[in-house]
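The values are calculated or read from the model by the stated rules, or taken from the named source; none is laboratory data. Remember, predicted model here, so these are calculated numbers, not experimental data. Counting neighbours? That spans all protein chains shown, and the Cβs are built from the backbone with ideal geometry, glycine included. SASA here: full protein model, heavy atoms, side chains in, ligands and nucleic acids out. Shrake-Rupley method; radii C 1.70, N 1.55, O 1.52, S 1.80 Å.
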Amino acid sequence: MHQFFVEPGQINLQDKSIIISGQDVNHIRNVLRMKVGEELSVSNGLDGREYRCGILAMEEERILCELRFIRETGVELPARIHLFQALPKADKMELIIQKAVELGVYSIVPVAAKRCVVKLDAGKAAARRARWQNIAQAAAKQSRRAVIPEVTEVRDFAGAVKAASAMEVKLIPYELAEDMSRTRRILENLRPGQDVAVFIGPEGGFAEEEIALALEGGLEPVTLGRRILRTETAGLTVLSWMVYLLET
């Protein structure tokens with residue numbers, strides 16, 4: 001079953017109609033070669049529902065569909081996990097976003113930490129964010145997510161800590177942290193409905209002053225084990241643990 005995302009206004013529950021427009025029109029018609037009468041799945045990226053519909057007509061710039069039934073998907077994690085990812089080198093951010101979305105992350109906040117090699121000016125940051133958001137949307141489609149995780153604007157470390165201030169759980173994996181049993185207890189105590197912030201450092205790790213600022217902001221340092229993980233591995237490791245504990 002192919003899945004597509006539309007704006008909430010493109011779903012009309014009163015007359016049971018759905019309109020698909022934009023780039024998906026070409027994909028449905030010329031790549032998937034779907035025909036009138038075939039069934040597809042639509043989500044609005046917000047309410048966690050799957051709108052199952054059948055194709056009624058294919059026009060030049062839009063596809064008209066008939067709503068057949070609505071299903072509560074249940075595919076989203078019961079807690080909202082926000083990944084605060086320090087900007088990595090090369091195209092690692094694209095991999096991180098793709099896999100984090102597949103694992104169920106709720107949002108991704110790129111962070112310009114002190115030791116980040118990548119430096120983005122305003123123009124580059126806007127263009128990069130647009131590309132990252134497209135990657136998040138594609139990953140959400142592929143993994144049959146009911147929502148499209150937002151990739152926010154790039155924040156400096158202080159701004160990132162402030163953005164996480166109201167979240168119930170705030171974790172920062174740190175190579176000098178110890179006691180794996182404490183990490184396990186924290187993760188096992190995650191509860192449905194919570195907002196959870198996970199801060200992941202760049203290749204060179206967080207600077208000492210950033211760790212101090214994090215502690216002042218209420219972040220809890222945790223260990224991920226005895227081995228030093230790459231930045232593209234650390235966040236996905238934490239997310240995998242959380243998926244296991246929240247869904248069992």
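Annotation for the range 65-105 versus the range 203-226: alpha-carbon center distance of 24 Å. Legend: distances between Cα atoms for Lys119/Lys170; Lys124/Lys162; Lys89/Lys119; Lys114/Lys162; Lys99/Lys119; Lys89/Lys170; pairs beyond 19 Å are Lys119/Lys170; Lys124/Lys162; Lys99/Lys119; Lys89/Lys170. The mean accessible area for residues of the chain, using a 1.4 Å probe and ignoring ligands and nucleic acids, is 52 Å² per residue.
Think of it this way: in the chain, Cys116 stand alone, with no other Cys Cβ under 4.7 Å.
When the trypsin sites (Lys or Arg not before Pro) in the range 91-123 are filtered for DSSP coil states and for at most 16 other beta-carbon atoms within 10 Å of their beta-carbon, the remaining sites are Lys114, Arg115, Lys119.
Helices that extend 24 Å or more along their long axis by alpha-carbon positions and average at least 0.0 on the Kyte-Doolittle scale are absent among the DSSP H runs of the chain.
For the chain, what is the percent of antiparallel DSSP beta bridges, rounded to the nearest 5? Counting DSSP beta bridges with both partners in the chain, the antiparallel share is about 45 percent. Comparing mean-square fluctuations of Gly123, Gly205, Gly104 from a GNM of the chain with C-alpha springs under 10 Å, the top value falls on Gly123.
The candidate values were (i) -0.56, -0.66, -0.78, -1.02; (ii) -0.64, -0.73, -0.83, -1.01; (iii) -0.74, -0.87, -1.01, -1.28; the one computed from these coordinates for log10 I(q)/I(0) by the Debye sum over Cα atoms at q = 0.11, 0.12, 0.13, 0.15 Å⁻¹ carries the label (ii). For Val42, neighbours were defined as the other residues whose beta-carbon sits under 9 Å from its Cβ, and their charges (Lys and Arg +1, Asp and Glu -1) total 0.
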